[in-house]
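The values are calculated or read from the model by the stated rules, or taken from the named source; none is laboratory data. Note that the structure is predicted; figures quoted are calculated from it, not measured. Note that we place each Cβ from the backbone using ideal geometry, even for glycine, and neighbour counts take in every protein chain shown. When the accessible area is computed, the model is the full protein with side chains, heavy atoms only, and any ligands, DNA or RNA have been set aside. Shrake-Rupley method; radii C 1.70, N 1.55, O 1.52, S 1.80 Å.
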Amino acid sequence: MLKLGGVTPRLYSQVLRLAASCNIHTTLSTFSELKAEENEEFRTLELRSKKFVRQPARVMKSHNVVPPRYKRQKVDQDWGNVWPAARTFHPASVPLPVRQGYPASGQVTPDKWGNAELMKIPNFLHLTPPVIKRQCEALKKFCTPWPSGIETAAEQEKYFPVMVSKSTYLHSSPTLRDQKARIVTLRVSLKSLDLDDHGRDKLLRLVKNRHDPTTDCLTIVADRCPLSQQNYDYCFYLLTVLYNESMKTEPWEHEKEVADRERYIWEGSPSQAALQAIIDSNEDSTPEEVIEEYKKVVIDLHNEGEDEPTLSRYRDSVMKLVGLA
Amino acid sequence: NMAGTLLGRKPVKLLQRFLKSTFCHDVASSSQLSSEKIVIPNRIPRSPTAILEALASTVSRDSSGPHYKYHDDPYLTPGSNLSKRVFSLSKEAGRKAARWIRDENAAFFTHRPDDPFIEAFFPKMTYNEESNLSEETLRELIQKCSVSDAITVYQLSQSKGIELSDNVYQELLELVAYYNCEDPLDEDWVEERWYRQGVTAVRNTWKDNGLAEELFKSLSTKGSAAYGALIRGMAQYYQVDRAWQLYQECKEKNIPLDAGTYNSLIRVASFLRDSFDLRWQLVKELLTSMAESGVSPNLGTLNCTLEALSQVATWRQAKQLSLQVIAEFKSLGIQPCLATYYFLLTIHCRERGPISRILIDILDHIEGKQFEIEDPKDTFFFVTAMDVSRNHLQSLEVAQRVDKLLHTGNNYCLIGDSFKESIYYRHYFALACSTLIIEDFMEIYNDLVPHIYTPEPGVMEEVMKAISTHEAFEYLPQLWSDMIVFEHTSRDRLLSLVLSVLTKYQPSEENKQLTKQLATIAWDVWTRVQEQDETRHNKVSWNGLMIGDLLTTLVQCGEYDKSLIVMKEATTNAHKILGYIPVNALQILNNAAIEKEDAETCVSVAMYGLDAGHQETGEMVKQLQSKLNLSLEHQAKLSSAFGTELLNDSS
């Protein structure tokens, strides 16, 4: 820092202006310092700027935060008002000290604050039993009583064998419509269709995998029309047609061959001929039950496929037949 | 088990009767329906949203959390009235900005996936020279009540020379007269409407020779509808002279007017005459001419008559007349609404006048009923009722009845706007504070505060006074933290009140924790005031009483060191403190210092006391000398200040 003696104020300010025009950094602090010394005889001329003085970091004002909501909640509060609808877990509103997650080594299970595990899973806090009860009470006025006479499943099956279902969708988006609402499903149990063997066989061939063998139910799904009413009509049309077609016998159906048969028939099969040959060649008359048993076992083997129980039964039966058992 | 394998999330199962007709011939088995008929009851008809409404009715307001418009997070929940207002309005400002951006860049918003078309999501149509205009456009705009757009289209069609029918002119006249050629605040800006104070000054704002009158002149046949619209508009915006002129014109030309027009004239009758008698006479004239023309009065007539009476409420006959009016209208079959009751209250429950118990009669009549909005002044009822219960009747029971009515069904919608809501709760709160014992009051406090109602500083003062009277110090920590959240800590009256309440507390063995908490509060007051920004325009500055209370509290609660800091600050910056510390505070500090054998403090206390000119300083010095051994330095100081005789006297 050069100290030049006898520098007038005017010269001094000129120097500062010069410094500014030459982009020499003159900080405010140096200016004030210099101003203070102006009254003295000798003023200091600073050509080089002072080192940058770090300003203290801005102190962030802490906001006056309301304590979390669960602290204000009474023990006997009405929870249905706090959590009226399904909602992602919100730790400040839930008064329970729940913990979830795998703890880091040496730590406890993570608590509820900022817990992604708790937020990911669905919670049913909106469906506590008192709330469910209250909602059911509110909805009761829209419900009619169950009709009398169809309390049991058997009666329902008897009077209303066909079940039609469709879904409606509610969207919170620009469009109300959902294409899936046109899908109509029709379910009927084949027992209530009163088909004979031929009819049942023909129907099963026609519907293929729409029939579920375990429940013996035919399910028809229609979605080819744009409106569900149209699909509904189409389902019933299909049911009608299927039934009528399966009741009819076409002239060419007699061309059904052994390979086309849906199940193995004993009468007229090579196994029957073979058995007959064995029986004939047997000196002692084979008992009826052995024959019946063999017949049954062979039918099972063909119809149900070859697996451990059927094969073992076949073996037993053959042993009995041959007389080795 | 009828649960089927179904698609979709919300299956609707239909049980369908098996159609007999689908069966043809040869059905061997017994699929016939049995002779016993199954009767399926008819579906109960319901609206599309009936189920949602039923479920919504099971949910009511939860007072532990913020209003649903705020983000539910502890850090983002507003506490004070100012922050509540700022948060809601800034959120709405964001919506306004979004809408502005959308309207500015209308060319970019062409994607239309919605079916059915949602008009509110799309940029607003602007009408200029090139747009295709017709009478239909104008009609639609009038239906939507977009006043400025309608005016623009009208002017454009005038310049383009498009013919418009008289019907459209009439509709446009009605629109423009009702809104006085200005757009109303958009219905979407709910927060602005909520925070806007509805009371506008009663002065003439009608646009003379504006579009309404232009349209009126351009009508080929000025029928009763046209005159009616114009009179009503003028009366609404207080252009009463012209309205009266038009009315006289109608009378001369024998043009019939409808009930609404008469109502609007009755409302402004007070501006047409000066004395009370003449005003009522004018109202009666209007009513008789209404009867002569064969126009049947409606609820609006009742309300406007009572409004006119409420403007002459200081007249002796006003009360009697109001009751007569109600009775007469009841005989006509017109039931009063909430606005009617509001006017009755303003007429009967006056500040300077006998106590009227009309509110109790009204409540008996309307308890448990649900109301819909029938008159714009309906929203004034609840505020006025609460005001009357607090100031006029001073009965908490009545106030609770009013509150119960407010919370019946959907009646809360009739609270009006935020200003009325805050005044309503202010009255309720203050009444509860003055009437109930402190425990019951704190229950109400915990229920309403801070999410439903944030007390104003004035109300907070009353609460503090109640606490002080009942000496219920255990509530002070909660109240102090609430005061911090409500941003009341910059009000010096409140702070001094808090400090004076704190001094009343006598610590004891059982409530050590409370003692600590109260000491924390006192210290917090100190820190907050000390750490205030120097440049604030409404700084809280200490005065002697506050410092005195502070010292007393700190010493009594055992925070001796902190009191020393305060004392030091007081002595060094005595010029910043208004007034002097009262002597009892100094005495308490002195006694504490003597106990701690802190001679330095005692000496400085004595010096301060001398500066302050307290008489009892001498006593304090004597006490000091007798109890403690003073060092030479201290003795020298004291003697120089007090004179050697005093010191010699004691020794």
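The table for this structure:
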quantity: Expected 222 nm ellipticity per residue - DSSP helices of 4 or more, -39500 (n - 2.57), all of chain B, to 500; calculated: -17500 deg cm²/dmol
quantity: Sulfur and carbon atoms: percent of accessible area, the stretch B:290-342 [1.4 Å]; calculated: 49
quantity: Separation in nanometres of the label points that stand 7 Å from Cα toward Cβ, at residue B:413 and residue B:101; calculated: 3.3
quantity: Share of Cα-Cα pairs in the stretch B:123-282 lying beyond 23 Å, as whole percent; calculated: 45
quantity: Scaled radius of gyration (Cα, divided by 2.2 N^0.38 Å) that the protein assembly as shown gives; calculated: 1.51
quantity: Burial ranking of peptide ranges A:267-277, B:298-308, B:572-582 (average Cβ count within 10 Å, highest at the top); calculated: B:298-308, B:572-582, A:267-277
quantity: Accessible surface, per residue, of chain B when the full set of protein chains is kept, probe 1.4 Å, Å²; calculated: 54
quantity: 1.4 Å probe, heavy atoms, protein only - residues of the stretch A:134-152 losing at least 40 Å² accessible area vs chain alone; calculated: A:135, A:139, A:142, A:144, A:147
quantity: Proximal lysines to residue B:251, defined as alpha-carbon separation beneath 22 angstrom and excluding residues fewer than eight positions away on the same chain; calculated: B:217, B:222, B:284
quantity: For the stretch A:49-98, convex hull volume per residue from C-alpha positions, Å³; calculated: 164
quantity: Ordering of A:109-120, A:45-56, A:290-301 by packing [mean C-beta count within 10 Å, highest first]; calculated: A:290-301, A:109-120, A:45-56
quantity: Principal-axis tilt of helix A:288-304 within chain A, Cα atoms, nearest 10 degrees; calculated: 30
quantity: All aspartates and glutamates inside 13 Å of residue B:96 as judged from Cα atoms, apart from same-chain residues fewer than 8 positions distant; calculated: B:104, B:186, B:187, B:188, B:191, B:192
quantity: Kirkwood hydrodynamic radius over Cα pairs of the stretch A:151-226, then Stokes diffusion coefficient at 10 °C and 1.306 mPa s, in µm²/s; calculated: 108
quantity: Inter-chain Cβ neighbour average for residues A:166-175, partner chain, 10 Å; calculated: 4
quantity: Area buried, chain B against chain A - accessible surface, total, 1.4 angstrom probe, square angstrom; calculated: 5400
quantity: Rg in Å to one decimal, and Dmax rounded to a whole Å, for the stretch B:310-396 via C-alpha atoms; calculated: 12.7, 36
quantity: The stretch B:557-651: translational diffusion in µm²/s, Stokes-Einstein, Kirkwood Rh over Cα pairs, 4 °C, 1.567 mPa s; calculated: 96
quantity: Under 13 Å from the Cα of residue B:568 - aspartates and glutamates, other chains or at least 8 residues apart; calculated: B:600
quantity: Total charge dipole magnitude, the stretch B:217-348, about the Cα centre, Cβ charges on Lys, Arg, Asp, Glu only, Debye to nearest 20; calculated: 140
quantity: Kirkwood-type radius of the stretch B:46-98, with distances r between different C-alpha atoms, in Å; calculated: 13.5
quantity: Rounded to 10°, Cα long-axis angle of helix B:438-448 versus longest principal axis of chain B; calculated: 50
quantity: Within-10-Å neighbourhood charge of residue A:220 [Cβ basis; K, R +1; D, E -1]; calculated: +2
quantity: Inter-chain shielding of A:65-71 (mean C-beta neighbours from other protein chains, 10 Å cut-off); calculated: 6
quantity: Shielding by partners, peptide A:76-84 (average Cβ within 10 angstrom, other chains); calculated: 4
quantity: In nm, spacing of pseudo-spin labels at residue B:584 and residue B:527 (7 Å Cα→C-beta vector); calculated: 2.9
quantity: Ranked packing of B:321-332, B:123-134, most packed first, by mean Cβ within 10 Å; calculated: B:321-332, B:123-134
quantity: Ellipticity estimate at 222 nm from DSSP helix runs (n ≥ 4, -39,500 (n - 2.57)) divided over chain A, nearest 500; calculated: -12000 deg cm²/dmol
quantity: Apportionment of accessible area to carbon and sulfur, the stretch B:480-567, percent (1.4 Å); calculated: 47
quantity: Magnitude of the charge dipole, the protein assembly as shown, Cβ model with Lys/Arg +1 and Asp/Glu -1, debye to 20; calculated: 2200
quantity: Cross-link table A:180/B:69; B:69/B:404; B:369/B:404, entries beyond 22 Å C-alpha to C-alpha; calculated: A:180/B:69; B:69/B:404
quantity: With 5 Å bins from 0: P(r) over the stretch A:170-325, alpha-carbon pairs, percent; calculated: 1, 7, 12, 13, 11, 11, 10, 9, 8, 5, 4, 3, 2, 2, 1, 1, 0, 0
quantity: Residues whose placed amide H lies under 5 Å from that of residue B:543, excluding near-sequence neighbours; calculated: B:578
quantity: Accessible surface, the stretch A:243-306, averaged per residue in Å² (probe 1.4 Å); calculated: 71
quantity: Accessible surface of residue B:341 - all protein chains present, 1.4 Å probe, nearest 10 Å²; calculated: 20
quantity: J(HN,Hα) series, the stretch B:415-427, from Karplus relation 6.51 cos²θ - 1.76 cosθ + 1.60, nearest Hz, glycine and proline x; calculated: 6, x, 10, 5, 5, 5, 4, 5, 5, 4, 6, 4, 5
quantity: Principal-axis tilt of helix B:544-556 within chain B, Cα atoms, nearest 10 degrees; calculated: 70
quantity: Rounded accessible area of residue A:313 (nearest 10 Å², 1.4 Å probe); calculated: 100
quantity: Neighbourhood net charge (12 Å Cβ-Cβ; Lys/Arg +1, Asp/Glu -1) for residue A:68; calculated: +2
quantity: Among beta bridges that DSSP assigns inside chain A, antiparallel share in %, nearest 5; calculated: 100
quantity: Relative counts (whole %) of C-alpha pair distances in chain A, using bins that are 20 Å wide; calculated: 15, 23, 21, 18, 9, 9, 4, 0
